[in-house]
Amino acid sequence: MSVNITRRELVHAAALAGAGCLSPLHNLQGEEKSAPPLGKADRCIFLWLGGGMAHIDTFDPKRRGDPKERKPGSDYAPIDTAVAGVQVTEHLPRVARVMDRITAIRSIHHETVDEHATATHFVHTGRRLSETIRYPSLGSIVSHQRGPGDTGVPAYVLIGYPNAARDPGFLGQKHGYVYLTDTNAGPAGFTRHDDVTPARQARREKLLSRLRSRTAADAALDPQDAAIGESLRLAGPQFARIFDLKQERDDLRNDYGGEFGQRCLLSRRLIESGVRFVEVSHNLNFINGTGWDTHNEGQRNQHLLIRELDAALSTLILDLERRRLLDRTLIAVGTEFGRPPEFDARGGRGHQSKCYTLVLAGGGLRHCGAYGVTDELAKTIVEHPVSIPDFHATVLASMGISPSKSLFDELGRPIPVTDGGQPIRALFA
């Protein structure tokens, strides 16, 4: 029986053999590696909790601690959920009721420096920063592989501030994001000034057409021309209508909650219109003063932030389910690292990346409430460790994208979409 082995696997195997380790080729001598499972989701909503969500205070509660006495542990009481044996914090009661549509992956880890920018880049790209390769973000990979679901929308939308961690890297600006920071105003740069009438716009486009005919042979202008064409296409009324949240029922808008909830409602409208990947950032206008980066006094009102997440996430799940979109839409909740069980001198928490929680919901996965086991203080992984590349592989596989697929950078070098990540097979039916 012949076995196909990539050059990357061959080099890696040789390195392991030289170190006295069992080579992965050993597994290929008798049988081929099994293909990764692939799901049927065709869109993704990525909720980004910038700052570092405390897993011990949300999706992996443990014994009670006390910030005043600096006793390590959870700051809140645990409550039961719709899944027997799985608990969450008392400030996630609505999420608890839909936990059977959710998997809290409690055994996430990475060894990147516990610094916000570096860890944020790593969680978005699944790669360490490189001086030679600009790695694409997860959203850009989905854009590249799936494209928009409709000609009137982009493939990738960011509701939040632009950041290098979200960039398309070597995939190019065609697979970058359209962004907005204000749900009422819509995407930046897509609204015409009041003095630009339809007739004036038509004259501008006629002039643009003449310029295009004169520069058609200049390949260096192609990316810029493509960007202009995309902006003109998206500046029309079809795309703009998606951002009118007043078209939604008042009671539904109220169920979603505050500003973060309204962004989540907009994300549903975007994926419903054909956008493949929407990232919703929760690091704008924090209601607790510090956001998820709960050092020092930031811990005191963390519960307000958790309650806002509770309303938005639970409503998003049920809203998609009512519209028969939940099985086709993967919801991922990401953060750059977790927080340790110990409290600092002023009652807050530091950073912890070697054991924390990320969350998946919907997407046609076989959810189990929680995956992975941690110790009595959620500080050490006990069972089923999941790396960030594994998390990326699970997201991509759920959307029918093989995590072993290679893309090609500007120099034609093959770059796998994940850095050796393996999907969590237990989540696939």
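Residue-wise HN-Hα couplings along region 266-276, as the Karplus relation 6.51 cos²θ - 1.76 cosθ + 1.60 with θ = phi - 60° gives them from phi, are 4, 4, 5, 5, 5, 5, 5, 8, x, 5, 7 Hz; Gly and Pro carry x. A straight chain from residue 238 to residue 185 at 0.36 nm per residue would run longer than the Cα-Cα distance by 17.6 nm.
Sorting 362-370, 247-255 by their mean Cβ neighbour count within 10 Å, with the most densely packed peptide first, gives 362-370, 247-255. Proximity of backbone amide H atoms, modeled 1.01 Å from N, is registered between residue 415 and 407, 408, 409 at under 5 Å, excluding neighbours fewer than 5 places apart on the same chain. With a threshold of 31 Å on the Cα-Cα distance, the over-threshold entries among 62/246; 68/354; 174/379; 68/379; 174/405; 40/379 are 62/246; 174/379; 40/379. Taking θ as phi - 60° and the Karplus parameters 6.51, -1.76 and 1.60, the scalar couplings of region 313-323 work out to 5, 5, 5, 4, 4, 5, 5, 5, 5, 4, 8 Hz in sequence order, x denoting glycine and proline.
Read-outs throughout are calculated quantities, based only on the coordinates presented, and are distinct from any laboratory measurement. All figures in this text were calculated on a predicted structure; none of them were measured in a lab. Virtual Cβ from ideal backbone geometry, glycine too; neighbours counted across all protein chains shown.
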